[in-house]
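Asker: Once you've had a glance at the structure underneath, I'll fire off some questions.
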Amino acid sequence: MTGVTGALGAVLQVAVIAVGSPYLVGAMRQVRARLEGRAGPDVAQPWRDLRKLLRKESLTPHGTSEVFRLTPAVLVASTVLVAAVAPFLTTASPLDPVADLFAVVALLTLGTVALALAGIDTGTAFGGMGASREMTITALVEPTLLVAIFALSVPVGSTNLGAIVNSTLHDPARVVSPVSLLAAVALAVAIIAETGRLPVDNPSTHLELTMVHEAMVLEYAGPDLALVEWASAMRLTVFLGLLANLFAPWGIATGSGLAGLVLAVIVFAVKVGLLGLLLAVGEVFLAKLRLFRVPELLAGSFLLALLAVAASFFLA
Amino acid sequence: MTHFGVVAIVIGLMLFIAHASSDTFASLRQAGAELSPAVRSTIFLAVLVGFASKAGAVPLHAWLPRAHPEAPSQVSALMSAAMVNLGVYGIVRVGFDLLGGGPRWWWLLVLVVGAVSAVYGILQAAMTSDLKRLLGYSTTENLGLVLIGVGAAGVFASAGAHVLAGLALTAALLHVINHAAFKTLLFLSAGSVLHATGLRDLDGLGGLRARMPVTTGLFAVGALAASALPLGNAFVSEWLLLQSLVHGLPVSGVATAITMPAAVAVVALTAGLAVATFVKAFGIGFLARPRSSAAERATESPVSMRVGMGLAALACVALAVVPAMVMPGLARAAGAADSMLGEPAVRGAVTLRLAGFAGSLSPLLVTAALLVGVAAVVAGLRLATVRRTRHGRLTHRARPTRRDARLWDCGAGPLTARMEYTATSFAEPLQRVFDDVLEPEQDVDVTHLQESRYLVDSIEYRRRVPDRIERRLYQPLLAFARAWGQAGRQLATGSVHRYLGYGFYAVAGLLVVLAVTR
């Protein structure tokens, strides 16, 4: 019975993230607009945009290759895979042993790499610029992510996501320990950098010199662009969901029972929505950092992650 | 360099054999157990220096990125994939097997050497724009990762955590195999590119995907493996390495508590920089548009070269999908190195599970799921287009080919290949970030017009990222040796009288010494 609901939970996770992520982006834009004194587009606007883009004709920018054409699919597939294996709604997913936290991070990096290659493949100055910057940021985020994972997994004795979530559920006091708090801040900074939000990258910029993510996807149009946009919305949701469930997993379904799953969906939506809200509010008050100041920010978050590991050893 | 390494190994082993009854492994093993700590440490250090230079570890790496690129590519492949591994073999054989483990500081030393090699190697690889030099530095990086694993295994073994030591050693040995597979493939592909274009400089390459599709595809397989991402084989071994480091924290001692997080950070930084490096190598080298006429005229290599690369790629894919097939062999090797090891460290065919720790990964399922996912998304897009035709909004068949569109050029006319990002410009942000470590040299020459110095005729800009260790350590050493050689030459003027004088004074001096001491 647990197996069946576990599998159901895994399917439901993918569905909730796939359907819900454009709404999350819409809600975040709405919050920003309201705070800036604008009416802003409707929450469902990203979905309408996606539908519109999907109906358009597929274009091949001159001189691009299969790498450029397959990248949106790789991006979507890697994100959906993460959405399926990580514990967002249930810890009883039969897919849990397939991939641990390291593998999840590596899968998300794979999507970034595909996008960077597509940017280079166009042969334009913008594509190369975006790819170069994105790779620099990725290379520097990686240590923070992995050391923060290290800090989280030390008290649990495993890097498997299900194990970490379960152990936090059984020992709620751990969440307010220095290890958890330091790791949470470090991970939050790393996630902001990975998802290309302010102050590392401005998702709504089209000013050529400041673009990072937008510069890589500049040549995408029509259905391909729809996939890229959808995937980046899903990546944002996945990252926020990971942050939420690693540090506040309550509400997640642990056993069998459909009621638990339904509750988990609601709680997950609330948690991710809250984090999105926080991020959107923060973005209103933050300006984008100069590109070469970003390493300092990341070094700071790396230091926090290292402190978290030290705390996990010396305070244990 | 090589001679120095050999001398160090020979000194170490001679010292060892002098204390043993014969030079067989069995008698050495027996003697190793009875040696005094000081002698054991001397032997280990001498052997470590020698074998580390063989493995291309920093600071004894200087020969590697010079020698490997100059050899013909298949020989480079042999050197980078097979030869350097002997260095690791030597360290494991002498340190674990013959000397039977040792104090913790030996292995901490190995770990630190590995960590420095990994980061330094990949940083230099990220900066260079010479494809084969990049691969050479990447060898230093990967052997550094292996040495981290070996060092961690030694640290765990000396603390009595033998299960963990087995895991770390298995990870290190698996990485040796994986590195051999993908480095062979990468060097052979680089050879194929060299054959077709005569170029090793990434700044002149590009656009090879249309002209050399097979080489491009196979290089992509190798680059994916080398950047340690899922679907590549090195991902599995780096995952095992990280697992062994993560579980190593509870092993007693403040030294481990400081080393393990630092080692994880080093592995992570190395992985991140490796991703950037191989995106550069593949993206700039093979995608986009040709940056030189040689790259424009490239044609696919002959079948024999393609078959060679194909075999290496097959090995990569097999290792990536079913790493379990080499696990029994690795377990035996690890068991031979450390007799205290019990059962194999990794179990399971489809899903790898760690023995004794909670941790699992299924490379096969991840690969399958990703491929199915990509196929499903592509098919889904197709389907969406077909459905549209049924609704009758498009009367003719849903576009068999996608329409060609112009690239965004800011409305300033067609883009030329000169406007593309090159390997140097791609690495520029990273170079700025690691400015203090790399110390790049910049040279700007401005030539003014004769009429006025306010009018500029031409600007020449040169930038080089020299190997800092080579410059700071080896050049002074070489200068020192040279100075002594020069001084020595003054003794030998060619005059026979002088030589006879030397002989006379030497004999007389010896006699005086003997007369005084006896």
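Asker: Going by what's in this entry, would B:A8 be described as in the same structural domain as B:T184 (by TED's automatic domain parsing), touching a residue at least 40 places away in the same chain (Cβ under 8 Å), touching a Gly at 6+ places or on another chain (Cβ under 9 Å) and surrounded by fewer than 24 Cβ atoms within 10 Å (Cβ to Cβ)?
Answerer: Yes.
Asker: Of B:L249, B:L245, B:L273, B:L311, which residue is more than 30 Å from B:Q30 (Cα to Cα) and in contact with a Pro (Cβ under 8 Å, 6 or more places away or on another chain)?
Answerer: Every option except B:L249 fails the conditions.
Asker: Can I ask one more? Counting only residues that are over 14 Å from B:G144 (Cα atoms) and surrounded by 23 or more Cβ atoms within 10 Å (Cβ to Cβ), which one in region B:70-80 is farthest from the chain's Cα centre (by Cα)?
Answerer: B:S73
Asker: Same structure, new question: Taking A:V281, is it surrounded by fewer than 19 Cβ atoms within 10 Å (Cβ to Cβ), in a helix (DSSP H, G or I), out of contact with any Leu (no Cβ under 8 Å at 6 or more places or on another chain) and not polar (S, T, N, Q)?
Answerer: Considered against the rule, which asks whether it is surrounded by fewer than 19 Cβ atoms within 10 Å (Cβ to Cβ), in a helix (DSSP H, G or I), out of contact with any Leu (no Cβ under 8 Å at 6 or more places or on another chain) and not polar (S, T, N, Q), A:V281 comes out as no.
To keep it simple, each residue is scored yes or no on (1) over 22 Å from A:A248 (Cα atoms); (2) β-branched (V, I, T); (3) in contact (Cβ under 8 Å) with a residue 24 or more places away in the chain; (4) more than 7 Å from chain B (Cβ to nearest Cβ).
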| site | (1), (2), (3), (4) |
| --- | --- |
| A:A10 | no, no, yes, yes |
| A:R38 | yes, no, no, yes |
| A:K52 | yes, no, no, yes |
| A:K56 | yes, no, yes, yes |
| A:L59 | yes, no, yes, no |
| A:H62 | yes, no, no, no |
| A:P72 | yes, no, yes, yes |
| A:T90 | no, yes, yes, yes |
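Asker: Go through B:D409, B:D436 for me and flag whichever is within 14 Å of chain A (Cβ to nearest Cβ), loosely packed, with under 11 Cβ neighbours inside 10 Å and closer than 30 Å to A:T138 by Cα.
Answerer: Just a single option satisfies the conditions, and that option is B:D436.
Asker: May I pose another question? Here are some residues: A:A244, A:A311. Which one is of a type outside the set (S, T, Y), closer than 24 Å to A:V154 by Cβ, part of a helix (DSSP H, G or I) and touching a Phe, Trp or Tyr at 6+ places or on another chain (Cβ under 8 Å)?
Answerer: When all the criteria are applied, what remains is A:A244.
Asker: Need pairs with beta-carbon distance below 8 Å; first residue touching a residue at least 40 places away in the same chain (Cβ under 8 Å) and in the same structural domain as B:E141 (by TED's automatic domain parsing) and within region B:73-86, second surrounded by 17 or more Cβ atoms within 10 Å (Cβ to Cβ) and among the aromatic types (F, W, Y); sequence gap 6+ or separate chains.
Answerer: B:S73/B:F187; B:Q74/B:F187; B:S76/B:F187; B:A77/B:F187; B:S80/B:F187; B:A81/B:F187
Asker: Still on this structure, I have one more. Could you give me the residue pairs with C-beta distances under 7 Å whose first residue belongs to region A:263-285 and is under 13 Å from A:I192 (Cα atoms), whose second residue is modelled with pLDDT under 90 wherever it lies, and which are 6+ apart or on separate chains?
Answerer: Close Cβ pairs (under 7 Å, with a partner that is modelled with pLDDT under 90) amount to A:L279/A:R197; A:E283/A:R197; A:E283/A:L198.
Asker: Output the residues belonging to region A:252-262 that are under 18 Å from A:A15 (Cβ atoms) and either surrounded by 13 or more Cβ atoms within 10 Å (Cβ to Cβ) or touching a Lys or Arg at 6+ places or on another chain (Cβ under 8 Å) (or both).
Answerer: A:I252, A:A253, A:G260, A:L261, A:V262
Asker: Taking the condition in a helix (DSSP H, G or I), more than 20 Å from the chain's Cα centre (by Cα) and assigned by TED's automatic domain parsing to the domain that holds B:A46, does B:G154 pass?
Answerer: Yes.
Asker: Any chance you could count how many residues in region A:124-136 are at the interface with chain B (Cβ under 7 Å from one of its Cβ atoms) and in contact with a Gly (Cβ under 6 Å, 6 or more places away or on another chain)?
Answerer: Summing the residues that are at the interface with chain B (Cβ under 7 Å from one of its Cβ atoms) and in contact with a Gly (Cβ under 6 Å, 6 or more places away or on another chain) in region A:124-136 gives 1.
Asker: Working only within region B:64-100, note down all residues that are among the polar types (S, T, N, Q) and more than 25 Å from B:I469 (Cα to Cα).
Answerer: B:S73, B:Q74
Residue by residue, here is whether (1) facing another protein chain (nearest Cβ under 10 Å); (2) at pLDDT 75 or above; (3) assigned to a helix (DSSP H, G or I) holds:
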{"site": "B:A315", "(1), (2), (3)": "no, yes, yes"}
{"site": "B:S339", "(1), (2), (3)": "no, no, no"}
{"site": "B:E343", "(1), (2), (3)": "no, no, no"}
{"site": "B:R353", "(1), (2), (3)": "yes, yes, no"}
{"site": "B:G356", "(1), (2), (3)": "no, no, no"}
{"site": "B:V374", "(1), (2), (3)": "yes, yes, yes"}
{"site": "B:V378", "(1), (2), (3)": "yes, yes, yes"}
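Asker: Continuing with this model, one more query. Kindly indicate the residue of region B:452-491 that is surrounded by 10 or more Cβ atoms within 10 Å (Cβ to Cβ) and among the β-branched types (V, I, T) and also modelled with the highest pLDDT among those meeting that condition.
Answerer: B:V456
Asker: Run down A:A151, A:A173 and say which single residue is surrounded by 24 or more Cβ atoms within 10 Å (Cβ to Cβ) and more than 7 Å from chain B (Cβ to nearest Cβ).
Answerer: A:A151
Asker: Also: Within region A:93-103, does at least one residue satisfy the condition of being touching a strand residue (DSSP E or B) at 6+ places or on another chain (Cβ under 8 Å), more than 11 Å from chain B (Cβ to nearest Cβ) and either closer than 28 Å to A:A125 by Cβ or among the hydroxyl-bearing types (S, T, Y) (or both)?
Answerer: no
Asker: In contact with a strand residue (DSSP E or B) (Cβ under 9 Å, 6 or more places away or on another chain), among the acidic types (D, E) and within 14 Å of chain B (Cβ to nearest Cβ): does that describe A:E219?
Answerer: yes
Asker: Take the residues in region A:88-114 that are assigned to a loop (DSSP other than H, G, I, E, B) and over 14 Å from the mean Cα position of the chain (by Cα); name whichever of them is nearest to A:F268 (Cα to Cα).
Answerer: A:L89
Asker: Residues A:A139, A:A118: which one is within 7 Å of chain B (Cβ to nearest Cβ), of a type in the set (G, A, S) and closer than 30 Å to A:P61 by Cα?
Answerer: Of the residues listed, the single one that is within 7 Å of chain B (Cβ to nearest Cβ), of a type in the set (G, A, S) and closer than 30 Å to A:P61 by Cα is A:A139.
The values are calculated or read from the model by the stated rules, or taken from the named source; none is laboratory data. It should be emphasised that the depicted structure is a prediction, and the values quoted were computed from it without experimental measurement. We place every Cβ from the backbone using ideal geometry, glycine too, and count neighbours over all the protein chains shown.
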